[in-house]
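Below: the structure, in C-alpha cells.
What follows is calculated from the coordinates using simple rules that are stated; it is not laboratory data. Not measured: the values here are computed from a predicted model. All Cβ positions, glycine included, derive from the backbone under ideal geometry; neighbour counts span all protein chains shown.
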Amino acid sequence: MRKMLILAGSTLCAAAILGVVTPSATLRAAPPVVQLAQAPAELQVTPEDHVMGNADAPVTIIEYASMTCPHCATFHTDTLPTLKQKYVDSGKVRFIFRDFPLDQIALQAAQIAECSGKDRYFGVIDVIFRTQAQWAASKEPMAELGKTLRIAGITEADIKTCLADQKLATAIVGERQGGEKAGVDSTPTLFINGQRWNGARSVAALDEALAKLVK
C-alpha cells in the first residue's frame, strides 16, 4: 500500500502540491479496516462526483486514489472490472471515484481526466491506470500520457489548456483535502457504506464485505 506523505503542522494546500513538498520523517500507518460510527460529511455524494452505477443502489463505494499509485492501478485493472460486472452493472453498488493525488504528476493526470468530460471519464482513467507503468516513470510523463490518450480523442492542445487551468487544479487538491478530513491517509482507500478499507482489495475480500450488504 502506498502511503501518503504526512505534512507537519498543516494540511497540504494547492501551492504545496504544485510545488515542492517536504515530507515529515514519519509515515502514519492506518489499521486495515476501520468501522465508522457515522459517515463524515465529506463522504456525502455531490453533483461534482464521478459516479458509476445506479443512484438507488443499496451500497455506495467511494474510492480515493492517486493516478501514480501502483496499488491503485492494480485495483483498477485486476479488481474493479469484476466488481463492476458483479455489483455495479446489476444495480447493487454505486461506485464513486475521487482523486487523492500524491504528487504533481498525479495531479496533472487527474486534471487531464477531468477535462475529458463525465461521459468519457471512467474510460480515460481506465487507460491512465492500465498504462501507468509506461507514462508515470518516463522523463516527460504528460507528453507520454498524451500520446496514449490520443485514442480517446484528447489532443495535445486539449492537454495544454487543461494543465493551465489552476482553478481545476485547486478543486482536485480540495478533493484530496476532503479525503484527509474523512480519514484517508493512503491510496487506494475505499469507503463501503461508511466502513473504511485501506489498500487495494481483492475480489474475494470485496465479495465477503458486500455479501452482508446486498441481497
Item to check | Spin-label zone in segment 104-142 - amide nitrogen under 18 Å from a point set 7 Å from the Cα of T155 along the C-beta vector | outcome: 112-113, 115-117
Checklist entry - So, in segment 144-215, how many Lys pairs have Cα atoms under 30 Å apart, if the pair is 8 or more places apart or on different chains? => result 4
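Sort 139-152, 64-77, 202-215, 168-181 for me by packing, meaning the mean count of neighbouring Cβ atoms within 10 Å per residue, highest on top.
Details: 139-152: 15.7, 64-77: 23.2, 202-215: 13.5, 168-181: 18.8.
Most protected by this proxy first, the peptides run 64-77, 168-181, 139-152, 202-215.
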Item to check | Charge sum, other residues only, whose C-beta stays under 13 Å from G178's C-beta, Lys/Arg counted +1 and Asp/Glu -1 | outcome: -3
Next on the checklist: In whole Hz and in residue order, list the ³J(HN,Hα) couplings for segment 202-215 that follow from phi through the Karplus curve 6.51 cos²θ - 1.76 cosθ + 1.60, θ = phi - 60°; x for Gly and Pro.
Outcome noted: 7, 4, 4, 5, 5, 4, 5, 5, 7, 4, 7, 10, 10, 9
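Shape of segment 58-125 from its Cα gyration tensor (a ≥ b ≥ c, root eigenvalues): rounded if a/c is under 1.5, otherwise prolate when a/b > b/c, or oblate? Before the final figure, lay out each step's value.
On the way: a/c = 2.13, a/b = 1.63, b/c = 1.31.
Taking the square roots of the gyration eigenvalues as a ≥ b ≥ c, segment 58-125 is prolate.
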Checklist outcome for this item: Whole-Hz Karplus couplings 3J(HN,Hα) for segment 92-97, θ = phi - 60° and coefficients 6.51, -1.76, 1.60, Gly and Pro as x, run 8, 10, 9, 10, 10, 9
Checklist outcome for this item: Once normalised by the length of segment 48-102, the mean sequence separation of its alpha carbon contacts under 8 Å that are 6 or more apart gives a contact order in percent of 63 percent
Item to check | Extended-chain gain in nm, criterion 0.36 nm per residue less alpha-carbon gap, K212 and T82 | outcome: 45.0 nm
